[in-house]
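Engineer: Could you have a look at this structure, given as structure tokens, before my questions?
The values are calculated or read from the model by the stated rules, or taken from the named source; none is laboratory data. Model, not experiment: these values are computed from the prediction. Because the Cβ atoms are built from the backbone with ideal geometry, glycine has one as well, and the counts that use them run over all protein chains shown. Note: areas computed on protein heavy atoms with side chains; ligands, DNA, RNA excluded. Shrake-Rupley method; radii C 1.70, N 1.55, O 1.52, S 1.80 Å.
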Amino acid sequence: DAEQKELHLQLVPAARLEGRLEDDVPRPVKDGTVLLNLQVVDPSGGQAKMLRKFCAPIRPDGTFTLVDLPPGDGQIIALCDGWASERVVDGEAKEEPSSARPRSGDDLIAQRIDPATSGIFVLKMELTASLKATLWAPDGKPVEGAILSCWPNVQWLTGYSSTFLDHSWSATSDARGEVVVTNMPWRSTWFGVSHAEFDLELADGERSRQADLEAGKTYEVVLDLVAKGK
């Protein structure tokens with residue numbers, strides 16, 4: 001009673017993407033990673049079917065290679081020591097913002113890429129940002145040993161967001177209550193504080209906060225902590 005069925009699969013040649021960071025990034029590039037978020041399409045129908053992520057290291061000379069890529073349209077991001085991929089104007093947007101108003105960060109996207117494009121793809125980059133916090137206890141003394149954690153996100157055109165490159169960013173406060181998290185990419189980031197005795201005060205039901213980061217700059221904030229659970 002065994003049933004036998006035939007499955008016909010349509011195979012297409014895999015693409016190979018060669019790229020490099022733009023020349024503004026000093027060489028050698030250190031601790032570099034590139035990620036392609038690709039909308040994989042059905043070759044027969046041309047409809048997006050799934051999202052796939054492809055990662056590769058960035059070589060010291062600033063070049064990178066992504067291999068075995070299926071057909072599709074994607075967005076690409078990267079991070080290295082001191083630099084992150086730049087957000088750009090969406091040239092494929094249906095409606096361009098009015099020239100009468102300044103362009104906001106919401107008008108900018110992670111760079112688009114078609115893996116089938118021939119030649120070397122040059123990835124635009126910009127300086128990373130830092131977040132510096134000074135932490136104070138309810139008695140006015142600095143809080144040492146607190147962990148400041150940040151979650152910079154990237155918003156994809158498909159409608160969801162993810163932590164940039166799935167990295168984690170955190171640092172521990174010193175005796176002065178100061179803590180700095182460095183090498184973060186553009187846009188706003190959520191951040192929170194972890195300590196055995198103290199918390200950030202609840203605000204709108206949340207203990208996390210948001211900071212608007214600017215490329216090449218340090219965002220500074222003073223945080224008055226409360227007793228745990230308050």
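Engineer: Using the Karplus curve 6.51 cos²θ - 1.76 cosθ + 1.60 with θ = phi - 60°, work out ³J(HN,Hα) for each residue of segment 24-37 in order, rounded to whole Hz, and write x for Gly and Pro.
Structural biologist: Taking θ as phi minus 60°, the curve returns 5, 7, x, 9, x, 6, 10, 6, x, 9, 10, 10, 10, 9 Hz for segment 24-37.
Engineer: Next question. Would you work out which of 196, 58, 34 lies farthest towards the positive end of the dipole of the chain? Charges go on Cβ: Lys and Arg +1, Asp and Glu -1.
Structural biologist: My answer, from the dipole projection, is 58.
Engineer: Here's something else I'd like to know. If you count, for each residue, the other Cβ atoms within 10 Å and average over each peptide, how do 193-201, 136-144 line up from highest to lowest?
Structural biologist: Going from most to least packed, we get 193-201, 136-144.
Engineer: Order 221-230, 202-211 from most to least packed using the mean count of other Cβ atoms within 10 Å.
Structural biologist: For the peptides 221-230, 202-211, the packing ranking is 221-230, 202-211.
Engineer: Another one. Express the relative contact order of the chain as a whole percentage, based on alpha carbon pairs under 8 Å and six or more residues apart in sequence.
Structural biologist: Once divided by the residue count of the chain, the mean separation gives 19 percent.
Engineer: Roughly how many percent of the accessible protein surface of the chain is carbon and sulfur, given a 1.4 Å probe and a whole-percent answer?
Structural biologist: 47
Engineer: What's the FRET efficiency of residue 201 with residue 160 using the Cβ-Cβ distance as r and R₀ = 30 Å, to the nearest 0.05? It would help to have the intermediate numbers written out before the result.
Structural biologist: Values: r = 30 Å, r/R0 = 1.00.
Taking R0 as 30 Å, the efficiency between residue 201 and residue 160 is 0.50.
Engineer: Got a sec to turn the phi values of segment 137-143 into Karplus ³J(HN,Hα) couplings, 6.51 cos²θ - 1.76 cosθ + 1.60 with θ = phi - 60°, whole Hz, x for Gly and Pro?
Structural biologist: Listing the rounded values in order: 7, x, 8, x, 8, x, 9 Hz.
Engineer: What does the accessible area per residue of segment 102-230 come to in Å², with a 1.4 Å probe and no ligands, DNA or RNA counted?
Structural biologist: 53
Engineer: Per residue of segment 203-211, what does 6.51 cos²θ - 1.76 cosθ + 1.60 with θ = phi - 60° give for ³J(HN,Hα)? Whole Hz please, x for Gly and Pro, Karplus curve as stated.
Structural biologist: 9, 6, x, 10, 9, 8, 10, 10, 10
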